[in-house]
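Participant: Before I ask anything, let me first share the structure, which is written out below as structure tokens.
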Amino acid sequence: MSDPLPWERGPQPAPREPGLSVDLRRCSGLTADARATLSATGAQHGAESSAIGALKAISAAQSLFRQGDLDQDGVLDYGTLSELAQAGLLEEEVARGLKRDYEFIVQPGSSPEFTWWAIARPAEESEEPRRNFFVNHTGVIYYTVEAGEGICPCDVDPFGNANPAWACIG
């Protein structure tokens with residue numbers, strides 16, 4: 001027996017808030033403040049997931065940029081965020097350096113033929129600690145929880161290596 005067609009399935013469950021696994025409209029025992037807090041937490045997790053996805057896209061873009069010598073300078077090197085954007089390798093929001101409340105900084109390392117790094121940090125300072133993300137030429141994503149401005153590019157060593165205190169996501 002085959003699965004029913006979409007119009008034969010009948011009513012579907014209500015849509016959920018982005019980033020949450022529960023339908024907040026069905027949580028009648030929660031106060032409005034509690035529902036708002038859960039919704040904000042879901043939005044923050046959604047922004048973090050978006051930042052991680054953007055860093056993965058930046059990593060792929062760096063490989064394509066280098067392999068294709070897309071700056072056409074005769075050197076197989078990695079690029080800045082601006083160069084990746086000019087080559088058309090990134091979606092518009094990431095190319096502008098800002099997506100879903102995260103700021104992106106992308107730079108070649110001290111040996112641009114071999115190293116690069118990127119940071120995704122909250123675009124606005126916060127007294128509440130928030131996750132900041134880092135990826136480099138190895139493709140491994142790291143995070144740290146910081147309040148205030150978040151990760152500073154000065155926290156990255158000249159070779160594009162992560163700070164040893166940052167935890168690895170994968």
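Participant: Given the conditions (1) open to solvent by less than 40 Å² (accessible area, probe 1.4 Å); (2) touching a Gly at 6+ places or on another chain (Cβ under 9 Å); (3) closer than 26 Å to Gly46 by Cβ, and given that Gly150 satisfies all but one, which numbered condition is not satisfied?
Facilitator: Just one mismatch for Gly150, condition (2).
Participant: Shifting gears a bit: Being of a type outside the set (Phe, Trp, Tyr) and open to solvent by 20 Å² or more (accessible area, probe 1.4 Å) is the filter here; which residues of region 134-143 pass it?
Facilitator: Answer for region 134-143, where residues must be of a type outside the set (Phe, Trp, Tyr) and open to solvent by 20 Å² or more (accessible area, probe 1.4 Å): His137, Thr138, Gly139, Val140.
Participant: Here is a further query. Within region 95-133, track down each residue that is in contact (Cβ under 8 Å) with a residue 60 or more places away in the chain and open to solvent by less than 30 Å² (accessible area, probe 1.4 Å).
Facilitator: Residues satisfying the conditions are Ala118, Ala120, Phe133.
Participant: Looking at (1) modelled with pLDDT under 90; (2) part of a loop (DSSP other than H, G, I, E, B), which one does Glu146 not meet, given that it meets all the others?
Facilitator: (2)
Participant: What is the residue count in region 149-169 for residues that are under 25 Å from Ser111 (Cβ atoms), assigned to a loop (DSSP other than H, G, I, E, B) and not β-branched (Val, Ile, Thr)?
Facilitator: 11
Participant: Within region 134-155, track down each residue that is under 18 Å from Arg66 (Cβ atoms) and touching a residue at least 40 places away in the same chain (Cβ under 8 Å).
Facilitator: At the first step, the residues of region 134-155 found to be under 18 Å from Arg66 (Cβ atoms) are 135-140.
Within region 134-155, Val135, His137, Gly139 meet the criteria.
Participant: Next question. Residues in region 96-115: is at least one among the aromatic types (Phe, Trp, Tyr) and in a strand (DSSP E or B)?
Facilitator: Taking region 96-115 and keeping what is among the aromatic types (Phe, Trp, Tyr), we get 102, 104, 114.
Narrowing further to those that are in a strand (DSSP E or B): 102, 104.
Within region 96-115, one or more residues are among the aromatic types (Phe, Trp, Tyr) and in a strand (DSSP E or B).
Participant: Considering only residues of region 156-170 that are in contact (Cβ under 8 Å) with a residue 12 or more places away in the chain and out of contact with any strand residue (DSSP E or B) (no Cβ under 8 Å at 6 or more places or on another chain), which is nearest to Arg66 (Cα to Cα)?
Facilitator: Phe159
Participant: Output the number of residues of region 77-87 satisfying the condition of being open to solvent by less than 60 Å² (accessible area, probe 1.4 Å) and either over 21 Å from Ala51 (Cβ atoms) or within 17 Å of the chain's Cα centre (by Cα) (or both).
Facilitator: Summing the residues that are open to solvent by less than 60 Å² (accessible area, probe 1.4 Å) and either over 21 Å from Ala51 (Cβ atoms) or within 17 Å of the chain's Cα centre (by Cα) (or both) in region 77-87 gives 6.
The values are calculated or read from the model by the stated rules, or taken from the named source; none is laboratory data. As the structure is a prediction and not an experimental result, all values here were calculated from the model. Note that each Cβ is placed from the backbone with ideal geometry, even for glycine, and that neighbours are counted across all protein chains shown. All accessible areas refer to the heavy atoms of the entire protein, side chains included, with ligands and DNA or RNA removed. Shrake-Rupley method; radii C 1.70, N 1.55, O 1.52, S 1.80 Å.
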